[in-house]
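The values are calculated or read from the model by the stated rules, or taken from the named source; none is laboratory data. Being a predicted model, the structure only gives us computed values, none of them experimental. Cβ coordinates were reconstructed from backbone atoms using ideal geometry, including for glycine residues, and neighbour counts include every protein chain displayed. Just the protein is used for accessible areas: all its heavy atoms, side chains included, with ligands, DNA and RNA removed. Shrake-Rupley method; radii C 1.70, N 1.55, O 1.52, S 1.80 Å.
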Amino acid sequence: MLREIRPAILILLLLTAITGLAYPLAMTAIAGTIFPKQARGSLIEKDGKVIGSALIGQEFKEDKYFHGRPSAISAPDPADSSKTVSAPYNAANSGGSNLGPTSKALADRIKEDVEKLKAENPSTPVPIDLVTTSASGLDPDISPEGALFQVPRVAKARNLPEDRVRQLVIEHIQGRMAGLLGELRVNVLALNLALDEASK
C-alpha cells in the first residue's frame, strides 16, 4: 500500500512546489521586469510622495477639483461595530451597495444627486456615471461627458477660462484598450493633477 501512496504524495508535493511557489514567483518576477509600474500598483507620485493609484478612485469634494463617481463603500462604525459608516473608495472593503432598482434609498440618493448637479450646470443633462456607483466602488475614471459636465464649476472655482479647462479634459481622454475593449474614459486623479499644474 505504501508503494501506491508514495508516488501520489510525491506528485502532490511536486505540483504544490511548481504551481504554488515556482509559477507565482516566476510570474511576479516577469511582471516586475516587463511592467514595473503596473506591478507596483500603478502608483502616482507628486513631489516624491505617493498620492494615489491610477487604478483606485479618490474622493474630491472641493469645487476646484473634478469629482469621480459616487462610491457606495461602507465600513464598520468604530463607535458601534453593529453599524456601518460611509468609507468612500476604501480598497480594503471594496463592493457595491447591493441596492437594486426598486430601492427607495437608492432612488432618493440619485434624485438628490441629480438635483444638486442640475443646480451646478442647469443647461446640460446630468451624465449617468456622476450619480451611479460602480460595482467595486473604486472606479478611478469617469466618462468624458461626466468630466465635461463639471468644466463650468471647476473653471469658476479656479478662475480659469472654461476653454482651457475643457482642453485639459480632452487631453486626458483615454481610448478603448486595443481600440476595442471598454469605453472612453478620463482618470480623475490624473486630470486633477494636470489641473493643479495648469493653475500655477
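Quick rundown of the values:
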{"quantity": "Pair list, Cβ < 8 Å and 6+ apart or interchain, from segment 14-41 residues that are surrounded by 11 or more Cβ atoms within 10 Å (Cβ to Cβ) to residues that are of a type in the set (Val, Ile, Thr) and assigned to a helix (DSSP H, G or I)", "calculated": "39/28"}
{"quantity": "Selection from segment 48-60 of residues that are part of a strand (DSSP E or B) and surrounded by 11 or more Cβ atoms within 10 Å (Cβ to Cβ)", "calculated": "50, 51, 52, 53, 56"}
{"quantity": "Search result, residues across segment 115-126 that are part of a loop (DSSP other than H, G, I, E, B) and surrounded by fewer than 11 Cβ atoms within 10 Å (Cβ to Cβ)", "calculated": "122, 123"}
{"quantity": "All positions within segment 1-47 that are assigned to a helix (DSSP H, G or I) and among the charged types (D, E, K, R)", "calculated": "3, 4, 6, 37"}
{"quantity": "Condition met for residue 144 (at pLDDT 85 or above and touching a Gly at 6+ places or on another chain (Cβ under 6 Å))", "calculated": "no"}
{"quantity": "Boolean, residue 158 is of a type in the set (Lys, Arg) and surrounded by 18 or more Cβ atoms within 10 Å (Cβ to Cβ)", "calculated": "no"}
{"quantity": "Test: residue in segment 174-192 that is surrounded by 14 or more Cβ atoms within 10 Å (Cβ to Cβ), more than 18 Å from residue 62 (Cα to Cα) and more than 20 Å from the chain's Cα centre (by Cα)", "calculated": "no"}
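Yes or no, residue by residue, for (1) under 19 Å from residue 58 (Cα atoms); (2) open to solvent by 60 Å² or more (accessible area, probe 1.4 Å); (3) free of Cβ contacts under 8 Å to residues at least 40 places away in the same chain:
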residue: 80; (1), (2), (3): no, no, yes
residue: 101; (1), (2), (3): no, yes, yes
residue: 113; (1), (2), (3): yes, no, no
residue: 128; (1), (2), (3): yes, yes, yes
residue: 138; (1), (2), (3): yes, no, no
